[in-house]
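Colleague: Sending over a structure as structure tokens; questions will come in a sec.
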Amino acid sequence: MVDLLILDIDGTIKAPLLAISDNFYGAAERARSAGLRIAICTGRPLAGIAAELAERLGPGQPHVFQGGALIATPSGTQVHADCMPDSGVRQILTAAAGQQLHTEIYLPLHAWFTGPDARTACRDDDERSLVSREELRSIAVSEPVLRIVIMTTSATPASPVAVPSGVSWHAGHSVQIPGYIYHSYTVPGSDKGSAVRRLCRCYGVDPARVMAAGDDIADIPMLEAVGYPLVPADARAELTSRFPMVGACAEDAAVEIIERALSLRGEI
């Protein structure tokens, strides 16, 4: 039995350069009519397509944004936020500026970015604002920062800057930006797995009765936290080698995921 379905956006619901299909929205509406609740769990900020999708799938419900650092409703009501220590933020931004690295800071309701790869690393439906390094530092000291992302083209699995005390680092990939590695900095324990466990408590459901789907390394903690993990067939090899697969994202894998969840509820 599945009581809650949790979906990543990029590479799971949305394929690169493609809009979310009408087939997906139709399947999501059937799920809602059958009483299956759907939440998103994304690395995107609570803005743009992520906010629109959360509102459409679960208005008034909590969803996960910022790679697990923020749980909030589509209207912006915060349930939980993992704010980085000011000293750690300053150290990372200073080190990134010294190396002229593409840098992004994520606040509860918006994201800002700067760097030499700014144009190259733009997403097709960008939810961030381009600023100078001086403006980026000014924003970071005036508002709480939930997450910092540094983009590199190197495949070396190591942080490009020293990781400050009170901060954790992990690397990942984005189907929106082929050829880049993103280095994500948050407070320790802030990931999609911890966020999903909190989300389950918000919904009052047992994680063993939750289905979740994602396509990248950052989704592994989320998949490990639930009873029914699924991954698209074109997900990263680290996931397809470990978790049950459905069809490819570009072939409406998310529709198949919803149908799997409904079948476990005896709805189809």
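The values are calculated or read from the model by the stated rules, or taken from the named source; none is laboratory data. Since the model is a prediction, treat every value here as computed from it, not as a measurement. Note that each Cβ is placed from the backbone with ideal geometry, even for glycine, and that neighbours are counted across all protein chains shown.
Colleague: From the list 178, 188, exactly one residue is modelled with pLDDT of 95 or more, surrounded by fewer than 18 Cβ atoms within 10 Å (Cβ to Cβ) and either part of a strand (DSSP E or B) or within 17 Å of the chain's Cα centre (by Cα) (or both). Which is it? Working first, answer last.
Modeller: Working: 178 fails: modelled with pLDDT of 95 or more.
Every option except 188 fails the conditions.
Colleague: Determine whether residue 66 is buried (at least 21 other Cβ atoms within 10 Å of the Cβ), polar (S, T, N, Q) and not assigned by TED's automatic domain parsing to the domain that holds residue 171. Before the answer, list the steps.
Modeller: On the way: buried (at least 21 other Cβ atoms within 10 Å of the Cβ): yes; polar (S, T, N, Q): yes; not assigned by TED's automatic domain parsing to the domain that holds residue 171: yes.
Considered against the rule, which asks whether it is buried (at least 21 other Cβ atoms within 10 Å of the Cβ), polar (S, T, N, Q) and not assigned by TED's automatic domain parsing to the domain that holds residue 171, residue 66 comes out as yes.
Colleague: Tally the residues that are under 16 Å from residue 215 (Cα atoms) and part of a loop (DSSP other than H, G, I, E, B), restricting the search to the stretch 238-268.
Modeller: Matching residues across the stretch 238-268 total 8.
Colleague: So which residues in the stretch 48-63 are surrounded by fewer than 19 Cβ atoms within 10 Å (Cβ to Cβ) and small (Gly, Ala, Ser), if there are any at all?
Modeller: Result: 48, 60.
Colleague: Let me ask something else about it. Limited to the stretch 124-153, what total is found for residues that are modelled with pLDDT under 90 and farther than 21 Å from residue 11 by Cα?
Modeller: Narrowing the stretch 124-153 to residues modelled with pLDDT under 90: 124-130, 151-153.
Filter once more, keeping what is farther than 21 Å from residue 11 by Cα: 129-130.
Selection size over the stretch 124-153: 2.
Colleague: Which ranges mark the strands (runs of 3 or more DSSP E) fully within the stretch 42-123 that have 2 or more residues being under 23 Å from residue 14 (Cα atoms) and in contact (Cβ under 8 Å) with a residue 12 or more places away in the chain?
Modeller: Numbers: elements: 63-65, 70-72, 78-81, 102-106, 111-114.
Fully inside the stretch 42-123 and qualifying: 63-65, 70-72, 102-106, 111-114.
Colleague: Here is a further query. Looking only at residues in the stretch 12-28 that are farther than 22 Å from residue 239 by Cα and surrounded by 13 or more Cβ atoms within 10 Å (Cβ to Cβ), which one is farthest from the chain's Cα centre (by Cα)?
Modeller: 27
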